[in-house]
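The values are calculated or read from the model by the stated rules, or taken from the named source; none is laboratory data. Computed from a predicted structure; not experimentally measured. Note that we place each Cβ from the backbone using ideal geometry, even for glycine, and neighbour counts take in every protein chain shown.
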Amino acid sequence: MEPYIVDAQEKFTNLLKAQLERVERMKKQEDFIQYDQLDTIVIGIVGGDGIGPSITHQAQRILEFLLKDEVEKGKIHFKEITGCTIENRAKVGKAIPDDVMEELKECHVILKGPTTTPRKGDRWPNIESANVAMRKELDLFANVRPVKVPELGIDWTFYRENTEGAYVLGSEGFHVTEDLAMDFKVITTQGVERIARAAFEFARKNGKKKVTVVTKANVVKTTDGKFLDICKEVAKEYPEIEMDDWYIDIMTAKLIDEKRRTQFQVFILPNLYGDILTDEAAEFQGGVGTAGSANIGKRYAMFEAIHGSAPRMVEEGRDKYADPCSIIRAAAMLLAHIGYTEKADQLTKALDICTVTEKKLTITGRDTGATSEEFADYIMETIQSL
Ligand code: IPM
Ligand code: MG
């Protein structure tokens, strides 16, 4: 046999072993952590890179303001984690340095600013994305992304599978020969069951009538086919909810079909389709900068802004003018997730007042607009006046 085939086979064997071990870990997984049963909930604050530390700090101030009593009583503890920067990650050549990973694991929930994802040809080594690594390592399988535009009748919640699909081996494909490159897509029974169940449970608790599964199962028959089949199985446990399924290409079109799009409520998608469709969806709401994103697992959960780290703003000294609204929205999702729904509602309401209805301050990203600190103050004043 040609040596490159032997070499490729060995690499593939190792990938299979690692994925089968992951399946075994999923089988043994316990149920979701109960925050009300913890003495102290540890909230990790990860600034990230670029404008990240600046905007995340503002979100932290708001959380500290809303959780003042809980912090005094010892029910909540904030833990700042500063080492998750692109400089540190590049230095150790790892998506997340080991000491940072240890600190992350001491938290229950994490608020995370944007982290730079290197790509081939830029000035950083081409290490794996910190987002992707964190989702994998902390097993944050459900990427929940709500998009609401009331005036257009849009109220969507996306359940994007976050630990499998095209992403899980995204940094582990290989060049078999000079001419042949291979990447891998992975779908497991356990992985689909848990994301499907999370989406249907959300639908049931929130009185949603329809769940839409998006794949390309007509072409990518094995993995997307399995994804769809398992979603159909899980749907049988929720007879009061209608399930329909669409292919990703026509789904991207239907999101701009004004008559059709208002009928969708909850979506379940494999990782990459979820990545793409949620950016499209966020655009109706005002762009990715307006959306927050929850990454939920059974033991850990991480909440983040879905925009990038805008290094140019920092180079030009404009980071203090960066828009903190996406990470503040993520902070509201964090509050709701750990059980402080009333505080989460207050924060969401204040955000809507400050960014849509009242808009006393505007953020322009430069000195022609408010600073992130002024905007955070405005949000806190608005909360007080509710
Ligand atoms: C997202 C982002 C990430 C992803 C990038 C930064 C790796 O686009 O959270 O949607 O592709 O998941
Ligand atoms: Mg994305």
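Quick notes on this one:
- Inter-residue pairs, beta-carbon under 9 Å, first over 30 Å from Asp31 (Cβ atoms) and in the range 299-323, second more than 16 Å from ligand 2 (Cβ to nearest atom) and aromatic (Phe, Trp, Tyr), 6+ apart: Met313/Tyr321; Asp323/Phe375
- Among residues of the range 342-370 that are in contact (Cβ under 8 Å) with a residue 60 or more places away in the chain, those with a Cβ under 6 angstrom from a residue that is assigned to a helix (DSSP H, G or I), sequence gap 6+ or separate chain, pair up as Lys343/Leu66; Lys343/Leu335; Gln346/Ile383; Leu347/Ala332; Thr355/Cys325.
- Selected residue (only one of Phe184, Phe200 is surrounded by fewer than 18 Cβ atoms within 10 Å (Cβ to Cβ), hydrophobic (A, V, I, L, M, F, W, C) and out of contact with any Pro (no Cβ under 7 Å at 6 or more places or on another chain)): Phe184
- Filter result for the condition that a residue is within 16 Å of ligand 2 (Cβ to nearest atom), buried (at least 16 other Cβ atoms within 10 Å of the Cβ) and not hydrophobic (A, V, I, L, M, F, W, C), over Gly287, Gly274: Gly274
- Only residues that are in contact with a strand residue (DSSP E or B) (Cβ under 8 Å, 6 or more places away or on another chain), of a type in the set (A, V, I, L, M) and under 19 Å from Asp319 (Cβ atoms) were counted in the range 32-80, giving 4.
- The one condition from (1) more than 16 Å from ligand 2 (Cβ to nearest atom); (2) modelled with pLDDT under 95 that Ile338 does not meet is (2).
- When the range 214-249 is filtered for residues that are part of a loop (DSSP other than H, G, I, E, B), among the basic types (Lys, Arg) and touching a helix residue (DSSP H, G or I) at 6+ places or on another chain (Cβ under 8 Å), only Lys216 remains.
- Of the residues in the range 323-333, none is outside any strand (DSSP E or B), surrounded by fewer than 21 Cβ atoms within 10 Å (Cβ to Cβ) and not hydroxyl-bearing (Ser, Thr, Tyr).
- Hey, Asp257 without any contact (Cβ under 8 Å) to a residue 60 or more places away in the chain, within 13 Å of ligand 1 (Cβ to nearest atom) and either over 26 Å from Val211 (Cα atoms) or acidic (Asp, Glu) (or both) or not: no
- Residue list for the range 359-386, restricted to those being of a type in the set (S, T, N, Q) and either at pLDDT below 95 or assigned to a helix (DSSP H, G or I) (or both): Thr362, Thr364, Ser372, Thr382, Gln384, Ser385
- Tallying residues that are of a type outside the set (Val, Ile, Thr), near ligand 1 (Cβ under 10 Å from one of its atoms) and over 16 Å from Leu228 (Cβ atoms) within the range 266-280 yields 2.
- Filter result (part of a loop (DSSP other than H, G, I, E, B), within 16 Å of ligand 2 (Cβ to nearest atom) and among the polar types (S, T, N, Q)) within the range 109-146: Thr115, Thr116, Thr117, Ser129
- Residues of the range 12-49 satisfying the condition of being surrounded by 18 or more Cβ atoms within 10 Å (Cβ to Cβ) and not hydrophobic (A, V, I, L, M, F, W, C): Arg22, Gly44, Gly47, Gly48, Asp49
- Complete set of residues in the range 250-306 that are assigned to a helix (DSSP H, G or I), polar (S, T, N, Q) and closer than 20 Å to Cys325 by Cα: Thr278, Gln285, Thr290
- None of Ala301, Ala310 is surrounded by 15 or more Cβ atoms within 10 Å (Cβ to Cβ), within 16 Å of ligand 1 (Cβ to nearest atom) and at positive phi except Ala310.
- Scan of the range 233-271 for residues that are in contact with a Lys or Arg (Cβ under 9 Å, 6 or more places away or on another chain) and within 16 Å of ligand 2 (Cβ to nearest atom), ordered by number: Ile248, Leu255, Phe267, Leu269, Pro270, Asn271
- Across the range 343-358, the qualifying residues are those that are surrounded by 15 or more Cβ atoms within 10 Å (Cβ to Cβ) and of a type in the set (S, T, N, Q), and the one among them that is modelled with the highest pLDDT is Gln346.
- From the options Val132, Val144, Val109, residue that is of a type outside the set (D, E, K, R), under 27 Å from Asp319 (Cβ atoms) and under 12 Å from the mean Cα position of the chain (by Cα): Val132
- When Phe200, Phe184 are screened for being within 20 Å of the chain's Cα centre (by Cα), farther than 20 Å from Gly292 by Cα and aromatic (Phe, Trp, Tyr), only Phe200 passes.
- Just one of the listed residues (Ile51, Ile96, Ile45) is out of contact with any Phe, Trp or Tyr (no Cβ under 7 Å at 6 or more places or on another chain), under 26 Å from Val288 (Cβ atoms) and touching a residue at least 60 places away in the same chain (Cβ under 8 Å), namely Ile51.
- Flag if Glu283 is of a type outside the set (A, V, I, L, M, F, W, C) and within 16 Å of ligand 1 (Cβ to nearest atom): yes
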